[in-house]
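Here the structure is laid out as structure tokens; the discussion comes afterwards.
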């Protein structure tokens with residue numbers, strides 16, 4: 001590739017990345033109302049499904065379509081600015097790494113983790129910051145919320161999102177490029193079975209294997225894997 005084409009490719013990469021950054025930052029903030037003070041377990045779970053299932057489904061479908069499109073392009077030997085952007089965004093060093101990063105894991109896992117991390121969409125992090133997955137913030141320049149507790153002498157912060165969908169997108173991005181989840185990404189490239197994949201998420205929580213057991217139990221007990229059987233065209 002000559003210098004002119006290389007320069008144009010780099011400009012395209014920068015433009016797409018900047019557009020994505022501002023899209024995320026400028027999304028309108030959707031404020032969630034605090035949960036009612038008294039809810040039965042059934043009411044709490046019904047509220048959770050009403051809030052989370054549409055958002056998870058929307059993000060999952062968009063990511064799956066993107067994965068299929070990029071997979072087809074790579075199989076055809078194509079290379080373009082968008083693929084270069086994605087490799088940079090997901091810190092992928094090869095086409096296989098990129099596909100492993102882009103393939104979204106089953107919706108049932110996302111729903112079960114959201115239920116656990118937010119106490120079924122009732123946590124303060126959720127209704128004050130749309131943070132459904134308990135994702136921490138390490139950047140003082142991004143919107144965030146103090147967690148109300150410390151680790152040593154340092155205050156813990158969680159990310160503050162403009163919407164539930166933004167939180168779901170960032171969760172998939174975290175698992176798609178975080179160094180702690182390499183084995184999980186390799187596994188989901190080969191399998192869509194949530195009860196196999198959850199046991200590669202032991203590094204998501206300090207509880208390790210016990211956390212994986214709980215995620216699997218939440219999927220099974222609440223029949224969340226029903227959402228994995230819905231086809232995406």
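Bear in mind these aren't lab numbers, they're just calculated from the coordinates by the rules spelled out. Predicted model, so just to flag it, every value in this text is computed and none were measured. Cβ placement follows ideal geometry from the backbone for every residue including glycine, while neighbour counts extend to all protein chains displayed.
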- Subtract the Cα-Cα distance of residue 58 and residue 42 from 0.36 nm times their separation in residues, and report this length gain in nm to one decimal. 3.3 nm
- Task: Sticking with the crude label model, points 7 Å out along Cα→Cβ, report the distance from residue 146 to residue 32 in nm, one decimal please.
- Result: 2.2
- Note on the structure: Relative to the chain, whose Cα atoms define the longest principal axis, helix 107-118 and its Cα axis are tilted in degrees, nearest 10, by 50
- Query: Using a Gaussian network for the chain with springs between C-alpha atoms less than 10 Å apart, which of these wobbles most: 167, 101, 42?
  - Reply: 42
- Can you work out the PRE-style zone for residue 230? Point 7 Å along Cα to Cβ, and I want the residues of region 31-66 with backbone N under 12 Å. 49-62
- According to the square roots a ≥ b ≥ c of the eigenvalues of the Cα gyration tensor, what is the shape class of region 80-151, taking rounded for a/c under 1.5, prolate for a/b larger than b/c otherwise, and oblate for the remainder? oblate
- Would you please state the base-10 log of I(q)/I(0) at q = 0.18, 0.21, 0.31 1/Å for region 125-167, with intensities from the Debye formula using one equal scatterer on every alpha carbon? -0.45, -0.60, -1.11
- Message: Between helix 41-75 and the chain, what is the angle of the helix's C-alpha long axis to the longest principal axis, kept within 0 to 90° and rounded to the nearest 10?
- Response: 10
- Query: When the label point is put 7 Å from the Cα of residue 71 along its Cα-to-beta-carbon vector, which residues of region 173-200 have a backbone N closer than 12 Å?
  - Reply: 188-192
- Note on the structure: Subtracting the Cα-Cα distance of residue 203 and residue 96 from 0.36 nm times their residue separation yields 36.3 nm
- Ranked on Cβ counts within 10 Å of their own Cβ, fewest leading, 171, 227 go 227, 171
- Message: Quick check for you: which residues of region 92-111 have the amide N under 20 Å from the point 7 Å beyond the Cα of residue 191 toward its beta carbon?
- Response: 97, 99-111
- Among rounded, prolate and oblate, which fits region 69-116 when a ≥ b ≥ c are the square roots of the eigenvalues of its C-alpha gyration tensor, a/c under 1.5 means rounded, and a/b larger than b/c means prolate? prolate
- Query: Between residue 50 and residue 179, 0.36 nm times their residue separation minus their Cα-Cα distance comes to what?
  - Reply: 43.2 nm
- Sum -39500 (n - 2.57) across every DSSP H segment of at least 4 residues in the chain, then divide by the residue count to get the 222 nm mean residue ellipticity, nearest 500. -18000 deg cm²/dmol
- Message: On C-alpha positions alone, give me the angle between the axis of helix 3-25 and the longest principal axis of the chain, in degrees, nearest 10.
- Response: 20
- Please report 168, 218 as a ranked list, fewest other C-beta atoms within 10 angstrom at the top and most at the bottom. 218, 168
